[in-house]
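Visitor: This is the structure I want to talk about, given as structure tokens.
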Amino acid sequence: MSLIRIVLRYAVLVIVASVFAGPFLWLLSTALKSGAENIFQYPPALIPREATLDNFKRVFEALPFLSYFLNSALVAALAVSCNLMLCSLAAYPLARMSFAGRQGIFLVLISTLMLPFQLLMIPLYTIAVTLGLNNSFLGLVIPHACTAFGIFLMRQAFMAIPHQLEESAHLEGVTRLQIWWHVLLPLVKPTLATLAVFTFVGVWGDFLWPLIIIDDQTRYTLPLGVNKLAGAFGKDWRLVAAGAVLSIVPMMLVFLFTQRFFISGALRGAVKG
């Protein structure tokens, strides 16, 4: 009976994995097919008859895709760095310090998670234009610099740390900022890695905000570049698929390299406060 349960469990996992991986595998197959193959043939062929990397080469020849990649990398690095620092700084007093209105502030922050980004676009755009941040990388970073989800995740991680460690540091004359940096942050590295992955994926795949704030094509990020590629070569889906694969691969690599931290960090962030 136990063997049957194990087989059924893995069968369900394989089916679920196939459903989620299927679209990417189809995208990769389309990107690797040559012009002689019909990508809309029936029955569909997932494995190309003659796999070629020519479509990826043509993407870089058609558009400055390397420039788009570097723009996305710069914006993602800035956003992840700001998010980790600002969210952990904001979460520290909410988790480790007692002051009037702490719970109220936390509830207000959590309630903002229910607000869709479309509701915030106009005030964010107005602020960015007023500060002269349109058509700038800093303007792209603003919505991701500090998020309510990041503050919540870091707060839960900080609350799981025993207070005795902080009290011992206080007895040694260590300041709160030093406690945050030298005591607490090293203990929540899995949560930091988890937040970094979530932030990176959100920034790397963000299309709507860059579309609103960026007019200069030299500052396009990868999603805008893929959209431009789809507009210029809408009938050649091989090129569009190649551009989409190139934009997805970095997210997969980041997740693979941080996977061992991701699970433990997500579970630690789920500790009840």
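Visitor: With every protein chain left in place and a probe of 1.4 Å, what is the accessible surface of K57, to the nearest 10 Å²?
Guide: Accessible surface of K57 is approximately 120 Å².
Visitor: How much accessible surface area, in Å² rounded to 10, belongs to the heavy atoms of L256 with a 1.4 Å probe?
Guide: About 110 Å², ignoring ligands and nucleic acids.
Visitor: Go ahead and run the numbers for FRET between N38 and H163, Cβ-Cβ distance against an R0 of 45 Å, rounding to 0.05.
Guide: 0.10
Visitor: Can I ask one more? What percentages make up the Cα-Cα pair-distance distribution of the chain when the bins are 5 Å wide from 0?
Guide: For the chain, the pair-distance distribution reads 1, 5, 10, 12, 13, 13, 13, 11, 9, 6, 4, 2, 1, 0, 0.
Visitor: Which helices of the chain meet both criteria: a Cα extent of 24 Å or more along the helical axis and a mean Kyte-Doolittle score no lower than 0.5, with helices taken as whole DSSP H segments?
Guide: On the way: long enough: 2-32 (43 Å, 1.86); 65-96 (45 Å, 1.41); 237-257 (30 Å, 2.05).
Going by DSSP H runs, the hits are 2-32, 65-96, 237-257.
Visitor: When the chain is fully extended, how far beyond the present Cα-Cα distance does L25 get from V129, taking 0.36 nm per residue of separation?
Guide: Length gained between L25 and V129: 33.4 nm.
Visitor: So with the 1.4 Å probe, I'd like the accessible area per residue for the chain, rounded to whole Å².
Guide: Details: 15830 Å² over 273 residues.
Roughly 58 Å² per residue, with all protein chains present.
Visitor: Here is a further query. Mind jotting down the three principal axis lengths of region 9-152 based on Cα atoms? Whole angstrom, largest first.
Guide: If we take the Cα atoms of region 9-152, the spans are 69, 49, 25 Å.
Visitor: In nm, give the distance between the simple-model label positions of D215 and I4, each being 7 Å from the Cα along the Cα-to-Cβ direction.
Guide: Those two pseudo-labels are separated by 6.8 nm.
Visitor: Right, here's the next one. Diagonalise the Cα gyration tensor of region 1-52 and give the resulting equivalent ellipsoid semi-axes, square root of 5 times each eigenvalue, largest first, whole Å.
Guide: Working: eigenvalues 219, 19, 15 Å².
Calculated on Cα positions only, the semi-axes equal 33, 10, 9 Å.
Visitor: Summarise the accessible area of the chain (1.4 Å probe, protein heavy atoms) by the percent that is carbon and sulfur.
Guide: Heavy-atom surface of the chain belonging to carbon and sulfur, 1.4 Å probe: 71 percent.
Visitor: Pairs of Cα atoms under 8 Å, at least six residues apart: use those to get the relative contact order of the chain, whole percent.
Guide: On the way: 281 pairs, mean separation 81.0, N = 273.
Answer for the chain is 30 percent.
The values are calculated or read from the model by the stated rules, or taken from the named source; none is laboratory data. As the structure is a prediction and not an experimental result, all values here were calculated from the model. Every residue, glycine among them, receives a Cβ derived from its backbone with ideal geometry; neighbour counts consider all protein chains shown. The area values use the complete protein model at the heavy-atom level, side chains included, leaving out ligands, DNA and RNA. Shrake-Rupley method; radii C 1.70, N 1.55, O 1.52, S 1.80 Å.
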